[in-house]
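Take a look at the structure below.
The values are calculated or read from the model by the stated rules, or taken from the named source; none is laboratory data. Since we're looking at a predicted model, the values are computed, not measured. Don't worry about glycine lacking a Cβ; one is built from the backbone with ideal geometry, like all the others, and counts go over all protein chains shown.
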Amino acid sequence: MSTRAIGDVILDLQNISLRFGGVKALTDISFDVREHEIRAIIGPNGAGKSSMLNVINGVYRPQEGNIVFRGEKRHNMEPHKAAEAGFARTFQNIALFKGMSVLDNLMTGRNLKMRSNFLLQALWWGPARREELEHRRKVEEVIDFLEIEHIRKTPVGRLPYGLQKRVELGRALAAEPSILLLDEPMAGMNVEEKQDMCRFILDVNDQFGTTIILIEHDMGVVMDISDRVVVLDYGRKIGDGAPDEVKNNPDVIAAYLGTQH
Amino acid sequence: MFYREAGQFKSSYAADQQIFPIRQDRIGIAAILIAAFVAVPLFGNEYWFVAILIPFLIFALAALGLNILTGYAGQLSLGAAAFMAVGAYAAYNFQLRVDGIPILVSFICAGLTAAAVGIVFGLPSLRIKGFYLAVATLAAQFFIVWCLTKFPWLSNNSSSGVISAQRIIIFGHEFESAREKYLLVLCIVVLMAMMAKNMARSSIGRAWMAVRDMDVAAEVVGIRLMHTKLLAFAVSSFYCGVAGALYAFCYLGSVEPDGFSLDLSFKILFMIIVGGVGTILGSFLGAAFILLLPIFLNVTLPWIAELLHLPINGATVSHIETMVFGALIMFFLIIEPHGLARLWQIGKEKLRLWPFPH
């Protein structure tokens, strides 16, 4: 574990409920996230973990509840406002821009920070050109960090699965987020790829102080890298706390292994 | 062997991000430009300019416009011809009604008018996509042609909406001959193609492609879908509008609303499908294929028939022409659904290695 200091609560989710018609995806869920920590969300399939992430960065609007981010209370986020506020995320089934190169995907992660208008861009004129170069430099730092130099010009559709996952992390990192939402970053990977991914996640957290909210099914990974864990089941929160507490929580054990009736 | 970047080291991001990073590309483009600006005007004849080169350039520009919208931003549209019509009629009206307006300014205004109309008809794209959007853009196609026929003011009260383009005078010089018109069209097309290339490789182009490839992810990285899609409609319509103005002023001379029918929209759509969706080069290749192949067949078929001592007449030629044309389109789409531009790209990748296996 790194030595970074965990700060105050940066994101507080209060009584979030989300329904799709009659289906209750999330029911009255509250938890908080502290600055610089790695916060894991776990739970069986269909527990509402991805819905939770989608609420956090505004893809879904909850029917009830509030989101307090850096002391500012709001009912729901909006995706581009969340991005402006410093949220970045990866998706469960890779959501890269398939037709674009790795470099372009990462540059797109920085689009929000680019200010020149499209006329200047069409002429490749002064500020637009300087801006491209400046952001290219930042993106190259991310490329170095994730060790994907050799594939920077490759269209992402041609890359193997593990690398695509890494590129997607890169696109999120390119935005220099303050909160990084990772939806199953290690799903479908082999042991070495998982180790690499864990190393990157810990390094991001350690070097840049990025707060990380992580959904993951690999319990070994979750217990090793996260500071605190939220457990969801059928859209309800059934456990919250340090990995060891959660591991011994009878409700959690029941949700994962079933109970004797 | 011929085409490889070995030995071309980039020592700065600026060098790596220039418009044509590979030397062979730069030489190729320079050669084409020199040929187009110097050799062709020197040696070309009237027939070549009027029947082949001018329409090729104008349709390439329209295809480029549609490619920005459909190829880059992923919004399927069947209204390209309608936006060309807006451009043609707007340029005519600006020339007619604004005293002393330079022709180039009225071309730009024509583009802007088309862009404004494009934004209006792009609004449905905020809610629907794919084939449904294509059907919604049909509204533009029919509504605009109807408007131009219905409101005589737009065609200065001419019968059935026919307009005759005014003379083209730039800085006191009248562009009258086909050669001069060719050069004018060439300048505009080269400039706008370069601008399209620049947009495609900067943040606006990436935003368009992001929306095309995965709109949810695009929204999550902070791209505003509404703004991005409408800008794609505006820029695309601007290109189509300028192409339409050139179509009226430099190619046909007089146009009528029915000339900008759905057929023409389809023709432009076929150009980008055959040429390559989402590439600048593809717009040119597609326009060349769709326009030049019929002419080529028209010339070669009687010649082949004569060689084989077969009886042939004009009607047979045009029937065979249509059949061969259709068959060739299918053939190309089966061997390479991503269009001629992809074939060119694959060829380049092969040439990088040739004659070595890997």
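Worth a mention:
- Test: residue in the range B:173-196 that is facing chain A (nearest Cβ under 7 Å) and closer than 28 Å to residue B:265 by Cβ: yes
- Entry remark, the range B:87-112: residues being small (Gly, Ala, Ser) and assigned to a loop (DSSP other than H, G, I, E, B) number 1 in total.
- Note on the range B:3-22: residues that are assigned to a helix (DSSP H, G or I) and either in contact with a helix residue (DSSP H, G or I) (Cβ under 8 Å, 6 or more places away or on another chain) or surrounded by 13 or more Cβ atoms within 10 Å (Cβ to Cβ) (or both) amount to 3.
- Among strands (runs of 3 or more DSSP E) entirely within the range A:60-131, having at least 3 residues that are more than 19 Å from residue B:216 (Cβ to Cβ) and touching a strand residue (DSSP E or B) at 6+ places or on another chain (Cβ under 6 Å) singles out A:64-69.
- Subset tally (residues that are over 30 Å from the mean Cα position of the chain (by Cα) and either more than 7 Å from chain B (Cβ to nearest Cβ) or among the polar types (S, T, N, Q) (or both)) for the range A:113-129: 7
- Of all residues assigned to the range B:111-130, at least one qualifies as being of a type in the set (A, V, I, L, M, F, W, C), under 14 Å from residue B:265 (Cβ atoms) and over 19 Å from the mean Cα position of the chain (by Cα).
- Considering residues of the range A:21-39 that are free of Cβ contacts under 8 Å to residues at least 24 places away in the same chain and in a strand (DSSP E or B) only, the residue farthest from the chain's Cα centre (by Cα): A:23
- Selection within the range B:173-219 - of a type outside the set (A, V, I, L, M, F, W, C) and not in a helix (DSSP H, G or I): B:173, B:174, B:176, B:177, B:201, B:202
- Looking at A:194, A:247, just one residue is of a type in the set (Lys, Arg), over 21 Å from residue A:147 (Cα atoms) and without any contact (Cβ under 8 Å) to a residue 40 or more places away in the chain, and that residue is A:247.
- Annotation: residue B:320 fulfils all but one of (1) aliphatic (A, V, I, L, M); (2) in contact (Cβ under 8 Å) with a residue 12 or more places away in the chain; (3) surrounded by 16 or more Cβ atoms within 10 Å (Cβ to Cβ); (4) within 14 Å of chain A (Cβ to nearest Cβ); the unmet one is (4).
- Taken across the range A:163-172, residues that are in contact with a strand residue (DSSP E or B) (Cβ under 8 Å, 6 or more places away or on another chain) and not basic (Lys, Arg) do occur, with at least one present.
- Members of the range A:54-100 that are under 26 Å from residue A:167 (Cβ atoms), more than 10 Å from chain B (Cβ to nearest Cβ) and polar (S, T, N, Q): A:92, A:93
- Which numbered condition residue A:173 fails, given (1) surrounded by fewer than 16 Cβ atoms within 10 Å (Cβ to Cβ); (2) in contact with a Leu (Cβ under 9 Å, 6 or more places away or on another chain); (3) in contact (Cβ under 8 Å) with a residue 60 or more places away in the chain: (1)
- Within the range A:170-197, the residues that satisfy the criterion of being touching a helix residue (DSSP H, G or I) at 6+ places or on another chain (Cβ under 6 Å) and in a helix (DSSP H, G or I) are A:170, A:171, A:173, A:174, A:193.
- Candidate set from the range B:10-52 (those that are away from every other protein chain (no Cβ under 14 Å) and of a type in the set (Lys, Arg)); member that is farthest from residue B:287 (Cα to Cα): B:23
- Any hit, the range B:226-234, residues being touching a helix residue (DSSP H, G or I) at 6+ places or on another chain (Cβ under 9 Å), in a loop (DSSP other than H, G, I, E, B), over 17 Å from residue B:90 (Cβ atoms) and β-branched (Val, Ile, Thr): no
- Of the candidates A:232, A:214, A:180, the single residue that is under 28 Å from residue A:15 (Cα atoms), more than 15 Å from the chain's Cα centre (by Cα) and surrounded by 19 or more Cβ atoms within 10 Å (Cβ to Cβ) is A:232.
- Any hit, the range A:133-142, residues being crowded, with 16+ Cβ neighbours inside 10 Å, of a type in the set (A, V, I, L, M) and more than 7 Å from chain B (Cβ to nearest Cβ): yes
- Put simply, of B:296, B:284 the only residue that is within 20 Å of residue B:199 (Cβ to Cβ) and of a type in the set (A, V, I, L, M, F, W, C) is B:284.
- Cβ-Cβ under 8 Å pairs, at least 6 apart or on other chains, the range B:271-285 side under 18 Å from residue B:325 (Cα atoms) and away from every other protein chain (no Cβ under 14 Å), far side assigned to a helix (DSSP H, G or I) and of a type in the set (Phe, Trp, Tyr): B:271/B:59; B:271/B:289; B:274/B:289; B:274/B:332; B:275/B:284; B:275/B:289; B:285/B:344
- From the list B:269, B:292, B:333, the one residue that fits, being in a helix (DSSP H, G or I), buried (at least 16 other Cβ atoms within 10 Å of the Cβ) and not charged (D, E, K, R), is B:269.
- Of all residues making up the range B:211-227, the number that are within 26 Å of the chain's Cα centre (by Cα), surrounded by 21 or more Cβ atoms within 10 Å (Cβ to Cβ) and closer than 16 Å to residue B:127 by Cβ: 1
- Flag for residue A:107 being touching a His at 6+ places or on another chain (Cβ under 7 Å) and either of a type in the set (Val, Ile, Thr) or buried (at least 21 other Cβ atoms within 10 Å of the Cβ) (or both): yes
- The one condition in (1) in contact with a helix residue (DSSP H, G or I) (Cβ under 8 Å, 6 or more places away or on another chain); (2) modelled with pLDDT of 90 or more that residue A:252 fails to fulfil: (2)
- Failed condition for residue B:208, given (1) surrounded by fewer than 23 Cβ atoms within 10 Å (Cβ to Cβ); (2) modelled with pLDDT of 90 or more: (1)
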